[in-house]
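Heads up, the thing below is written out as structure tokens.
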Amino acid sequence: MRRGRGLTVIVLAYVLIAAAIAFAYSLGAHYTGACMGMPRAAGAIRLGPALAVMAPFVLVGAVFASGAVETTVGHGILSTPTVVIPLAVAIVVSAFVLTSAYNLLTLPTSTIQILVFSAVGAGLADGVGIQWRTIETLVAVWATAPFAACGLGFAFARVLDRRYPRSGPDGGPGALSRYAALGLVGIGSAASFAMGANDVANASGALVMTGLFGLVLAGLVGGIGMTLGVLTWGRPLLQRVAFDIVKLDANTAAASQLAQAAVILVSVSFGYFTSMNQALVGAMLGAGFSRRQSAVVRRTVRAVLAGWALGPASGAALGMALVLLLRGAHLF
């Protein structure tokens, strides 16, 4: 009986690793628009090259700058030194399923909020204590980040307009210069690095929770999965974010991406992670407001807000349901 139990744990460990890689793959696809949407929207780079430029920066960020966030996910959400493997499986599978569903709907949402509340729901179902102070801090960061990005997006757009006046017909954008295009791609690359650091723990944090992987190895495994997702499944979200939320010129595109990257990197430096999409949409709205709101596509924004509202609740519900299902199958 003990031998059979040990074999079950080994199988579940492999399931956990596979689910983490699959989730990382889904994350990479989900955040292409959040990282390279602005350069693409402004015409600074074509679709294929945008994904090719993004991929290595995601991997580097995941491997070398994700440690603080990995620690928060691995040890700061559930009140237990080591999470049992079945519980970690329930958390990762729940977040993976929901993120993939949003990918299929081409709807940007917060995978971070899905992951955290999947962990909360699973922990409650298993009777594990929740570190509510961490959750409260994260919620405060999540609530603040879009507004901070909105303000920065507005301010950066105004500064760029003064420094580089729009020169097209009726005050619209002129032709995008080579240096402006390179600058936009550079900002998108910085956002890609920030995404790797900020989001890889969604998938690989569960590997740290269980003690299976250390921080660097977890970041590497998750980063490889994210990179593959960027390259093979990243087109739909990139296209939607680039063209369906805000109509952008070079200045508003640069302002939006720069504001988002700044908010994310500040958050990561304190060991907290926040939504790339929420920060970007907030920044895009701020840049759009500098154009008297005419740039904002309201129907898409309403759909994105609905996704953000449903994400945490659905994550908690599915995480709890999967724990109860695994318990019913005597896998705990």
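The values are calculated or read from the model by the stated rules, or taken from the named source; none is laboratory data. Model, not experiment: these values are computed from the prediction. Here the Cβ positions follow ideal geometry from the backbone for every residue, glycine too, while neighbour counts run over all protein chains shown.
Give the residue that is modelled with the highest pLDDT, with candidates limited to residues of the range 228-247 that are under 19 Å from L285 (Cβ atoms) and charged (D, E, K, R).
This residue is R240.
If you check V159 against the conditions, is it under 21 Å from H30 (Cβ atoms), in a helix (DSSP H, G or I) and at pLDDT 90 or above? Before you say what the answer is, go through the steps one by one.
Numbers: under 21 Å from H30 (Cβ atoms): no; in a helix (DSSP H, G or I): yes; at pLDDT 90 or above: yes.
So V159 does not fit the description; no.
Let's see how each residue does on (1) in contact with a Leu (Cβ under 7 Å, 6 or more places away or on another chain); (2) farther than 15 Å from L51 by Cα; (3) crowded, with 24+ Cβ neighbours inside 10 Å:
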| residue | (1), (2), (3) |
| --- | --- |
| A190 | no, no, no |
| G205 | no, yes, yes |
| M226 | yes, no, yes |
| P236 | no, no, no |
| N251 | yes, yes, yes |
| A261 | no, yes, yes |
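From the list A18, A101, A42, A13, which one is crowded, with 22+ Cβ neighbours inside 10 Å and either in contact with a strand residue (DSSP E or B) (Cβ under 8 Å, 6 or more places away or on another chain) or aliphatic (A, V, I, L, M) (or both)? Steps first, please.
Details: A18 fails: crowded, with 22+ Cβ neighbours inside 10 Å; A101 fails: crowded, with 22+ Cβ neighbours inside 10 Å; A13 fails: crowded, with 22+ Cβ neighbours inside 10 Å.
One residue alone meets the criteria, A42.
So for the range 24-32 (the condition being more than 22 Å from A283 (Cα to Cα), aliphatic (A, V, I, L, M) and surrounded by 22 or more Cβ atoms within 10 Å (Cβ to Cβ)), does at least one residue qualify? Break it down stepwise before answering.
To start, the set of residues in the range 24-32 that are more than 22 Å from A283 (Cα to Cα) comprises 24-26.
From what is left, the residues that are aliphatic (A, V, I, L, M) are 24.
Cutting the leftovers down to surrounded by 22 or more Cβ atoms within 10 Å (Cβ to Cβ) gives us 24.
Checking the range 24-32: at least one residue is more than 22 Å from A283 (Cα to Cα), aliphatic (A, V, I, L, M) and surrounded by 22 or more Cβ atoms within 10 Å (Cβ to Cβ).
What tally of residues in the range 186-216 results from selecting those that are closer than 10 Å to G74 by Cα, more than 12 Å from the chain's Cα centre (by Cα) and part of a helix (DSSP H, G or I)?
Looking only at that region, the number is 7.
Kindly list the number of the only condition in (1) within 18 Å of G205 (Cβ to Cβ); (2) in a loop (DSSP other than H, G, I, E, B); (3) of a type in the set (S, T, Y) that fails for T99.
Only one criterion is unmet by T99, namely (2).
What residue, among those in the range 54-98 that are buried (at least 19 other Cβ atoms within 10 Å of the Cβ) and among the aromatic types (F, W, Y), is modelled with the lowest pLDDT?
Applying the filter and picking the extreme gives F96.
Which of the residues spanning the range 241-251 are assigned to a helix (DSSP H, G or I) and farther than 26 Å from V141 by Cα? Write out each step before concluding.
Within the range 241-251, the subset assigned to a helix (DSSP H, G or I) is 241-244, 250-251.
F243, D244, A250, N251, listed by residue number.
Quick check on I112: is it under 24 Å from L318 (Cα atoms), crowded, with 24+ Cβ neighbours inside 10 Å and touching an Asp or Glu at 6+ places or on another chain (Cβ under 9 Å)? Give the steps one after another, and end with the answer.
Values: under 24 Å from L318 (Cα atoms): yes; crowded, with 24+ Cβ neighbours inside 10 Å: yes; touching an Asp or Glu at 6+ places or on another chain (Cβ under 9 Å): yes.
It is true that I112 is under 24 Å from L318 (Cα atoms), crowded, with 24+ Cβ neighbours inside 10 Å and touching an Asp or Glu at 6+ places or on another chain (Cβ under 9 Å).
Would you please list the contacts, defined by Cβ atoms under 6 Å and residues six or more apart or on different chains, that run from a residue in the range 277-296 that is farther than 17 Å from L160 by Cα to a residue that is outside any helix (DSSP H, G or I) and modelled with pLDDT under 80?
N277/P108; V296/V246
Of the residues V263, V281, which is at pLDDT 95 or above, closer than 13 Å to A148 by Cα and in a helix (DSSP H, G or I)? Walk me through it before giving the result.
Details: V281 fails: at pLDDT 95 or above.
Within the list V263, V281, the selection yields V263.
Those residues that are crowded, with 24+ Cβ neighbours inside 10 Å and of a type in the set (K, R), I need them from the range 238-249; list them, please.
none
Out of F273, F332, F289, report the one residue that is at pLDDT 90 or above, among the aromatic types (F, W, Y) and in contact with a helix residue (DSSP H, G or I) (Cβ under 6 Å, 6 or more places away or on another chain). Spell out how you get there, then give the answer.
Values: F332 fails: at pLDDT 90 or above; F289 fails: at pLDDT 90 or above.
One residue alone meets the criteria, F273.
Within the range 74-87, does at least one residue satisfy the condition of being small (G, A, S), assigned to a helix (DSSP H, G or I) and under 30 Å from M284 (Cβ atoms)?
no
Conditions (1) part of a loop (DSSP other than H, G, I, E, B); (2) surrounded by fewer than 20 Cβ atoms within 10 Å (Cβ to Cβ), marked per residue:
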{"site": "S118", "(1), (2)": "no, no"}
{"site": "G121", "(1), (2)": "no, no"}
{"site": "V128", "(1), (2)": "yes, yes"}
{"site": "T134", "(1), (2)": "no, yes"}
{"site": "L138", "(1), (2)": "no, no"}
{"site": "T144", "(1), (2)": "no, yes"}
{"site": "A148", "(1), (2)": "no, no"}
{"site": "G151", "(1), (2)": "no, yes"}
{"site": "A155", "(1), (2)": "no, yes"}
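Restricting to the range 207-224, name every residue that is surrounded by fewer than 24 Cβ atoms within 10 Å (Cβ to Cβ) and over 13 Å from T82 (Cβ atoms).
G214, L215, V216, L217, L220, V221, I224, listed by residue number.
From the list A44, A29, exactly one residue is on the phi < 0 side of the Ramachandran plot, part of a helix (DSSP H, G or I) and among the small types (G, A, S). Which is it?
When all the criteria are applied, what remains is A29.
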